[in-house]
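Peer 1: Could you have a look at this structure, given as structure tokens, before my questions?
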């Protein structure tokens, strides 16, 4: 059991290191050359590099070491260590790129040469959404404000870490107006980047687990349940109920189906005119929901 757990942690660190490498590429190719602040502490670091030519790579290491230590003792040890892996790999690789030890200049996307200004934050935000979600799925994060978000999330568990980070990013976007020569464009680009990071991250974390919960009142529970099992490969829970107006006995069926199955489900209940249903979204399903019923 201990060996399996160690292998699992090693796998987590490898995946997080790979996402950190992708993050360094993202910054070097799309963010740093195009004069907009991305997000969080890295956004502040980007503005510092713009003003004083002091590398984001060095700043990231300097800032995240004390944050990692605080998070290690106050939040979660594994989270702090995995996030530190991300920070170290990101910072080292970015410094290697910036000092041309690894030469990637031919791949840099410059908006100054006539290319679309909007495409840089669109590409960077989409990539960073994937990086953020993957890091969280494997028990880490991208560091910086993610450490701060984790501390807030521990105190207020109902707050999503991604949405906490997005709020912080709006503050960074406001500051970027003053840094980039009082231009509104860097603010808009930062908001676009942050929005895409949040949306893509949320979709990756939750999108594949979303489903629909259907609650229906019917006089044909057996027939409809058989349809659901045979055609949709899900089952249903049968609940005895009572009408609030007539006080007559009713049967309620409750089932969870995949989003793409709603059309076929509508066709099924359409065969029973005295049946009506309420449909609501389910943000996550646990257990053997995706296992077919035969």
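Peer 1: So for 146, 12, 274, fewest C-beta neighbours within 10 Å to most, what's the order? Display every interim value, and only then the final one.
Peer 2: Details: 146 31, 12 19, 274 8.
Ranked by crowding around the Cβ, least crowded first: 274, 12, 146.
Peer 1: Using only C-alpha atoms and all pairs of different ones, pull out the Kirkwood radius for the range 210-282 in Å with one decimal. Don't jump to the answer; show the numbers that get you there.
Peer 2: Working: mean 1/r = 0.0807 Å⁻¹.
Across the range 210-282, the inverse of the average 1/r is 12.4 Å.
Peer 1: Have a look at the DSSP beta bridges in the chain and tell me what percent are antiparallel, nearest 5.
Peer 2: Values: 20 of 20 bridges.
The antiparallel fraction comes to roughly 100 percent.
Peer 1: Rounded to the nearest 10 degrees, what's the angle between the helix 161-179 long axis and the longest principal axis of the chain, both from Cα atoms, 0 to 90?
Peer 2: Here the helix axis deviates by roughly 40 degrees.
Peer 1: What do you get for the angle between helix 119-137 and the principal long axis of the chain? Use alpha-carbon atoms, 0 to 90 degrees, nearest ten.
Peer 2: 60 degrees
Peer 1: Can I ask one more? What ranking do 7, 106, 264 get, fewest neighbouring Cβ atoms within 10 angstrom at the top? It would help to have the intermediate numbers written out before the result.
Peer 2: Details: 7 10, 106 5, 264 13.
Ascending Cβ contact count within 10 Å gives the list 106, 7, 264.
Peer 1: Which of 170, 196, 51 ends up with the largest GNM mean-square fluctuation for the chain, with Cα atoms connected below 10 Å?
Peer 2: 51
Peer 1: When N counts the residues of the range 82-221, how does its alpha-carbon radius of gyration compare numerically with 2.2 N^0.38 Å, as a ratio?
Peer 2: Working: Rg = 19.2 Å, N = 140, 2.2 N^0.38 = 14.4 Å.
So the range 82-221 has a normalised radius of gyration of 1.33.
Peer 1: Same structure again: How large are Rg and Dmax for the range 87-148 when only the alpha carbon atoms are used, in Å?
Peer 2: Rg and Dmax of the range 87-148, Cα atoms, are 14.2, 40 Å.
Peer 1: What's the percent breakdown of Cα-Cα distances in the chain across 5 Å bins, shortest bin first?
Peer 2: Result, from short to long distances: 1, 5, 10, 13, 13, 11, 9, 7, 7, 7, 6, 5, 3, 1, 0, 0 percent.
Peer 1: Taking a quarter of the surface of the convex hull around the Cα atoms of the range 1-140, what do you get in nm²? Write out the running numbers ahead of the final one.
Peer 2: Numbers: hull surface 36.3 nm².
Average projection, Cα convex hull of the range 1-140: 9.1 nm².
Peer 1: Using helices alone, I'd like the mean residue ellipticity at 222 nm for the chain: each DSSP H run of four-plus residues gives -39500 (n - 2.57), total over residue count, nearest 500. Numbers along the way, then the final one.
Peer 2: Working: 10 runs with 165 residues, N = 294.
The helix-only estimate for the chain comes to -18500 deg cm²/dmol at 222 nm.
Peer 1: Note the angle between two axes, namely the Cα long axis of helix 185-206 and the longest principal axis of the Cα atoms of the chain, as a number of degrees from 0 to 90, rounded to the nearest 10.
Peer 2: 40 degrees
Peer 1: Fewest to most neighbouring Cβ within 10 Å: what's the order for 82, 183, 156? Write down the numbers at each step before the final one.
Peer 2: Numbers: 82 22, 183 15, 156 9.
Going from sparsest to densest Cβ surroundings: 156, 183, 82.
Peer 1: Applying 1/(1 + (r/R0)^6) with R0 = 41 Å to the Cβ-Cβ distance of residue 254 and residue 156, what FRET efficiency is obtained, to the nearest 0.05?
Peer 2: Working: r = 31 Å, r/R0 = 0.76.
That gives a FRET efficiency of 0.85.
Peer 1: Another question, if that's okay. GNM on the chain, C-alpha springs below 10 Å: top fluctuator among 235, 246, 42?
Peer 2: 246
Bear in mind these aren't lab numbers, they're just calculated from the coordinates by the rules spelled out. Everything numeric in this text was worked out from a predicted model, so none of it was measured. Reconstructed Cβ throughout: ideal geometry from the backbone, glycine too, with neighbour counts over all protein chains shown.
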